[in-house]
1. Filter region 340-381 down to the residues that are within 13 Å of the ligand (Cβ to nearest atom), over 30 Å from residue 169 (Cα atoms) and hydrophobic (A, V, I, L, M, F, W, C) and list them by number.
2. Here is a check on your reading of the model: is residue 254 under 25 Å from residue 184 (Cβ atoms), out of contact with any helix residue (DSSP H, G or I) (no Cβ under 9 Å at 6 or more places or on another chain) and surrounded by 16 or more Cβ atoms within 10 Å (Cβ to Cβ)?
3. Within region 205-221, how many residues are within 13 Å of the ligand (Cβ to nearest atom) and either outside any helix (DSSP H, G or I) or surrounded by fewer than 17 Cβ atoms within 10 Å (Cβ to Cβ) (or both)?
4. Restricting to region 131-144, what's the tally of residues that are touching a residue at least 24 places away in the same chain (Cβ under 8 Å), more than 16 Å from the ligand (Cβ to nearest atom) and of a type in the set (A, V, I, L, M, F, W, C)?
5. Can you tell me how many residues in region 257-287 are in a loop (DSSP other than H, G, I, E, B), of a type in the set (A, V, I, L, M) and either without any contact (Cβ under 8 Å) to a residue 40 or more places away in the chain or surrounded by fewer than 19 Cβ atoms within 10 Å (Cβ to Cβ) (or both)?
6. Identify, by number, the condition in (1) assigned to a loop (DSSP other than H, G, I, E, B); (2) surrounded by fewer than 23 Cβ atoms within 10 Å (Cβ to Cβ); (3) more than 10 Å from the ligand (Cβ to nearest atom) that residue 152 doesn't meet.
7. Take the residues of region 91-130 that are within 12 Å of the ligand (Cβ to nearest atom) and part of a loop (DSSP other than H, G, I, E, B): which is surrounded by the most Cβ atoms within 10 Å (Cβ to Cβ)?
8. Just give me the residues in region 222-237 being more than 26 Å from residue 115 (Cβ to Cβ) and either within 12 Å of the ligand (Cβ to nearest atom) or assigned by TED's automatic domain parsing to the domain that holds residue 140 (or both), in sequence order.
Amino acid sequence: MLETRSSRQTLISPGRENMIVDHQQLKELARPLTLVGINRAAAETKATINNSVSANNEHLKQAEMAHRVAIWLSCVLLLAATCQGLKYGYYSRSCPPAEYIVRTVVGSAVRQNPGIGAGLIRMAFHDCFGCDGSVLLDPTPANPRPEKLGPPNFPSLRGFEVIDMAKTAVEKVCPGKVSCADIVQYAGRDASFFLSRGRVSYALPGGRLDGRVSLENETLAFLPPPSFNLTQLIGSFRAKGLSADDMVVLSGSHSVGRSHCSSFSDRIGTPPSNMDPRLAAALRRRCPANPTFSNDPTVVQDAASPNVLDNQYYRNVLGRRVLFTSDAALMTSRRTAAMVRDNARRSGRWEKKFARAMVKMAAIEIKNRANGEVRRNCRVVN
Ligand code: HEM
C-alpha cells in the first residue's frame, strides 16, 4: 500500500520529476492539423479508451452507455444552468480536435503513471477556486510567489507537464484558441474517466479564460487544509457556491493518489485519533514522527484500490481507514454520515454525482474578456 517518494521538485521548475511522455511522443501528438491527424488523434483516443476498459466487453458496453447518458445529463444540466457563459462543444468550430488531443495526452500519461491522473484531478480542484489556469503560472521576477508555490500546491501538486504537453499539441493545430484553464478541466475530466475505467464519464462545457493573477496567499485563504473540521469544510465549499453534498461527493476522489506523511501526521501519533489502529500502525512504520520538507514520504490514500477512482473511499470512511481529519470529519454529522453511507452503498450512483459536481466546480468564478486571456504558454501570462 505504500509508495516511495523520489525527489522534491525545485522552485524553478516544479513538477519536472513527473516528466512522463518523451519528446518523440510529444512531437507525434503535436503534428500539424490534417484530416489524417485529427482522425488519428480520434483513433488513438478511442484505442486508449478501449485499452482502459478492455478488461471485459460487458464492462466496455456499460462504459459506453454510461458515457452517452452522462453526456445527455450534462447537456440537460448545462441548458438549465448555462454555466456562466460556458458552452458544451465550445471548440467545435475554433478547434475541433481540442478535446480529443487532451484526452489522448492524458490517456497516455495515465497509462504510464496512474498517480499523474490523480494529480490532474486534484489540479482541476486546486485551479477551481476560480477556474482560470492560475495554478499553472511559474514564479517570475514580477510575481515571485504564485499559487503554484502555496503550501497546498508545493511540492505536492503534480501533472504540470501533462498540461504543457496538451497545450503544445493543441497550439500546433489551432494556435491561440484553447485556454489553459479549459485544458486543466478537460484533463481532470479525462483522468477521472481513465482512472474510473470509463465509469466517470461526462461532457464538460468550455470557454474559460486564463487569469493574469496568481497569488500564493490565496491558496491558504481558499483551499481547505486536511486539518479542517466539518463546519470549516462546508464553509470553504459554500464560499465558492458548492454544497455540503458536493463536498462529500468530490471528496470521493481521495480513492486515488497519494498523500505526504505531513498531511496526516497529527492523526498517527499520540493521543491516538479515531483512525483504524492497524492503518495507524502501518503509517507509523512508514512515516517519520515529525516529517520535514526533505523527509516526507508518501503513502497511497486508498490501500484497497489505489489507482481506481470508485466509491471505495466511502467504505474507507466508514471503516475509519482514511488519512485526513477532513475525511474522518464526514462522519461527524448525521447529515453527512448519511451521504457517506449512501455513496458507499450503490456503485454507479456516486460516479454520476461526481461527474455532476465536477461540472459544477469547473464553473466557479470564470474570467471574462476584461480580466482573462488565452495564454500562449500555460506557465506565463501573455
Ligand atoms: C474536502 C476538502 C479537501 C481536503 C482537505 C483535501 C486535502 C488533500 C490533501 C492534504 C491531499 C494530499 C496532498 C499530499 O500531501 O500529497 C490530497 C490529495 C488529493 N486530493 Fe484532496 N482534498 C480535499 C478535496 C478534494 C477535492 C474536491 C478533490 C477533487 C475533486 C480532491 C482530489 C485529490 C486527489 C485526486 C488527491 C491525490 C493527488 C495525488 O496523488 O497527487 N481533493 N487532498
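1. Passing the criteria: 340, 350.
2. Working: under 25 Å from residue 184 (Cβ atoms): yes; out of contact with any helix residue (DSSP H, G or I) (no Cβ under 9 Å at 6 or more places or on another chain): no; surrounded by 16 or more Cβ atoms within 10 Å (Cβ to Cβ): yes.
No, not satisfied.
3. Step one: of region 205-221, the residues within 13 Å of the ligand (Cβ to nearest atom) are 219-220.
Checking the rest, the ones that are also either outside any helix (DSSP H, G or I) or surrounded by fewer than 17 Cβ atoms within 10 Å (Cβ to Cβ) (or both) come to 220.
Selection size over region 205-221: 1.
4. Within region 131-144, the subset touching a residue at least 24 places away in the same chain (Cβ under 8 Å) is 131-140, 143.
From what is left, the residues that are more than 16 Å from the ligand (Cβ to nearest atom) are 132-134, 137-140, 143.
Narrowing further to those that are of a type in the set (A, V, I, L, M, F, W, C): 137.
Residues flagged as touching a residue at least 24 places away in the same chain (Cβ under 8 Å), more than 16 Å from the ligand (Cβ to nearest atom) and of a type in the set (A, V, I, L, M, F, W, C) within region 131-144 amount to 1.
5. The first filter runs over region 257-287 and keeps only residues in a loop (DSSP other than H, G, I, E, B), leaving 257, 264, 268-276, 287.
With the extra rule that they be of a type in the set (A, V, I, L, M), the set shrinks to 268, 275.
Checking which are either without any contact (Cβ under 8 Å) to a residue 40 or more places away in the chain or surrounded by fewer than 19 Cβ atoms within 10 Å (Cβ to Cβ) (or both) leaves us with 268.
Summing the residues that are in a loop (DSSP other than H, G, I, E, B), of a type in the set (A, V, I, L, M) and either without any contact (Cβ under 8 Å) to a residue 40 or more places away in the chain or surrounded by fewer than 19 Cβ atoms within 10 Å (Cβ to Cβ) (or both) in region 257-287 gives 1.
6. Only one criterion in (1) assigned to a loop (DSSP other than H, G, I, E, B); (2) surrounded by fewer than 23 Cβ atoms within 10 Å (Cβ to Cβ); (3) more than 10 Å from the ligand (Cβ to nearest atom) is unmet by residue 152, namely (3).
7. That would be 127.
8. Kept after step one, since they are more than 26 Å from residue 115 (Cβ to Cβ), are these residues of region 222-237: 229-232, 234-235.
Selection gives 229, 230, 232, 234, 235.
The values are calculated or read from the model by the stated rules, or taken from the named source; none is laboratory data. Model, not experiment: these values are computed from the prediction. FYI the Cβ positions are ideal-geometry reconstructions off the backbone, even for glycines, and counts take in every protein chain you see.
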